[in-house]
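A short worksheet on the structure shown next.
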Amino acid sequence: MATAPKEAENAIGLEEIHTERQEPPKGQKTFTVEEAVETIGFGKFHIALFLIMGSTGVAEAMEIMLIAVVSPFIRCEWQLQDWQVALVTTMVFFGYMVFSIVLGLLADRYGRWKILLLSFLWAAYFSLLTSFAPSYIWFVFLRAMVGGGVSGHAQGLIIKTEFLPTKYRGYMLPLSQVFWLAGSLLIIGLASVVNPTIGWRWLIRIASIPGILLILVFKFIPESARYNVSTGNEAAALATLQRIAKMNGATMPEGVLREPAKERRGRFKDLVHPKYLRTTLQIWIIWLGIAFAYYGVILASAELLERDLVCGPAAAPVQDSGDGSEESHSPCHCRLFGPAAYQTMIISTAGEIALNPLNILGINFLGRRLSLCITMGCTALFFLLLNICTSSAGMTGFLFMLRALVSANFNTIYIYTAEVYPTTMRALGMGTSGSLCRVGAMVAPFISQVLMSASFIGALCLFSSVCVVCAISALTLPIETKGRALQVCI
């Protein structure tokens, strides 16, 4: 198809513009990247891809969860009020929000791999600088920069999505949650040992190590073939597909790789194209609500453990027998975690993998929309159950189930968002969704760490109400992506 004149290009707007390309000789077979990925199938390359790109979740989880285990110590060191502690988390997600859109746009224009590498270098650099922060203001600023770098880690998920055959996406992508869980458990375990001994600054330095190590192995993963072919670089895409076929011991499809290249990629107005407008708006609502609930659970857990609010705000504080230091007994600023608190955090965090098998079955058999609706509805219910006056074991059980449910929510929406948008705007779609997601994450600290102290039931009802809205939005999404091939263009 010949390229339209320049005047027509300006008038068409959102219509697809194809670059001029040579047609193969008449009768010669051709194939697309989608057909090649399906023909090559699953093999050694995808296992390596899963391990390397999945491990980005370890680094991301350690950097994000770090605030939960460091908050009591910076509160003590700099004599912070509740709102100041909450502001730290909010600014981390503010940095994430701003950079998420920018990096998503750049990834659609310059490649997923380059942006992923840049984001890891950025996050590692500012994370190390954070450990030398001389004051609260510097700490907040540097953690915001770390949040900006971490936002680019989503490109790892996009690369995995674009290389996986259709029937494996619903199984392999949810399993990536194992890496997030590993990072969360690792940072909590390290905190229980490092914080009481050599201090929180060394904890931050140690937490940056996985991200630095991952940078060294990124060279083994190529740029997305779908991205290359969308830019007209068919030679690079073909070389990548041939390499994957060789690693997997599979054969390539017969014929020549041919697919329309796109002149315009990653435009924000494509997200509100009539075909995707409703989907985009509902996805944004769901991302915002899921992040609000997810980080609300994490921070609420920390507050419950820090203040020992087992039976709500009226309960008398119970001192953790595992820590007899004066600081942990101070009523003003220093309420440090003891061994029992870290143990409870580990148990509740382990819940993130508890529903993974059921989540995988739901995604693949019920579909993305219905599965997300069910888990969001259950999340709303368990938020309300937190108000029941119960024992420490009961509270741990409720937190365990909440972590399992909010994790399942994230699994499903990540997969759905990566599948519903075409290649030319997939990274931007993930980036803008991730940005809206951080708006919810920015608000969560003030509900979990400020409002919860004033009105426990009020905070829980707010979390529950948001989850109900998300459940309805999930059920009414206009497109179901279960079993659907990844789209190349609008």
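The values are calculated or read from the model by the stated rules, or taken from the named source; none is laboratory data. These figures come from a predicted structure and were not determined experimentally. Glycine gets a Cβ as well: all are built from the backbone with ideal geometry, and neighbour counts include every protein chain shown. The accessibility values were calculated without ligands, DNA or RNA, using every heavy atom of the protein model including side chains. Shrake-Rupley method; radii C 1.70, N 1.55, O 1.52, S 1.80 Å.
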Problem - Whether the stretch 335-490 is rounded, prolate or oblate, judged on the alpha carbon gyration tensor where a/c under 1.5 counts as rounded - result: prolate
Problem - Estimated vicinal HN-Hα couplings, Hz - the stretch 383-389 in sequence order (Karplus 6.51, -1.76, 1.60; Gly, Pro = x) - result: 4, 5, 5, 4, 7, 6, 5
Practice task
Under 16 Å from a label point 7 Å along Cα→Cβ of residue 213: give me every residue in the stretch 44-63 with its amide N that close.
Solution key: 51-63
Completion exercise
Judged on accessible area alone, 1.4 Å probe, highest first, 205, 75 line up as 205, 75
Practice task
Using +1 at the Cβ of each Lys and Arg and -1 at the Cβ of each Asp and Glu in the stretch 29-262, identify which of 55, 144, 92 lies farthest towards the dipole's positive end.
Solution key: 55
Exercise for the section: Enumerate the amide H contacts of residue 257 below 5 Å, restricted to partners 5 or more residues apart or on another chain; note that Pro and chain-start residues carry no placed amide H. Expected result: 31
Problem - Rough spin-label spacing in nm, given labels placed 7 Å along Cα→Cβ, for residue 275 and residue 109 - result: 2.3 nm
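If you roll a 1.4 Å probe over the heavy atoms of the protein chains, what accessible area per residue do you get for the stretch 29-262, in Å²?
Here the per-residue accessible area is 36 Å².
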Handout entry: Within the stretch 29-262: Cβ-based charge dipole about Cα centre, in debye rounded to nearest 20 (Lys, Arg +1; Asp, Glu -1)
Key = 300 debye
Fill in the blank from the handout: Candidate cut points under chymotrypsin sites (Phe, Trp or Tyr not before Pro) in the stretch 128-159, DSSP loop plus at most 16 other Cβ atoms within 10 Å of their own Cβ, are 132
Fill in the blank from the handout: Expressed as a whole-number percentage, the relative contact order of the stretch 111-156 with C-alpha contacts under 8 angstrom and at least six residues apart is 58 percent
Problem - Flagged links, alpha-carbon separation over 19 Å, of 114/160; 29/246; 160/219; 44/167; 44/246 - result: 29/246
Fill in the blank from the handout: Rounded to a whole %, the carbon-and-sulfur portion of the accessible area of the stretch 29-262 at a 1.4 Å probe is 70 percent
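Taking a ≥ b ≥ c as the square roots of the Cα gyration tensor eigenvalues, with a/c under 1.5 meaning rounded and otherwise prolate when a/b beats b/c, else oblate, which class fits the stretch 344-405?
Values: a/c = 4.00, a/b = 1.75, b/c = 2.28.
Because a/c hits 1.5 or more and a/b fails to exceed b/c, the stretch 344-405 counts as oblate.
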Fill in the blank from the handout: Carbon/sulfur accessible area of the stretch 380-490, % of total, 1.4 Å probe, equals 76 percent
Fill in the blank from the handout: For residue 89 the rounded accessible area (nearest 10 Å², probe 1.4 Å, non-protein molecules ignored) is 10 Å²
Problem - the stretch 372-423, accessible area per residue, ligands and nucleic acids excluded (1.4 Å, Å²) - result: 26 Å²
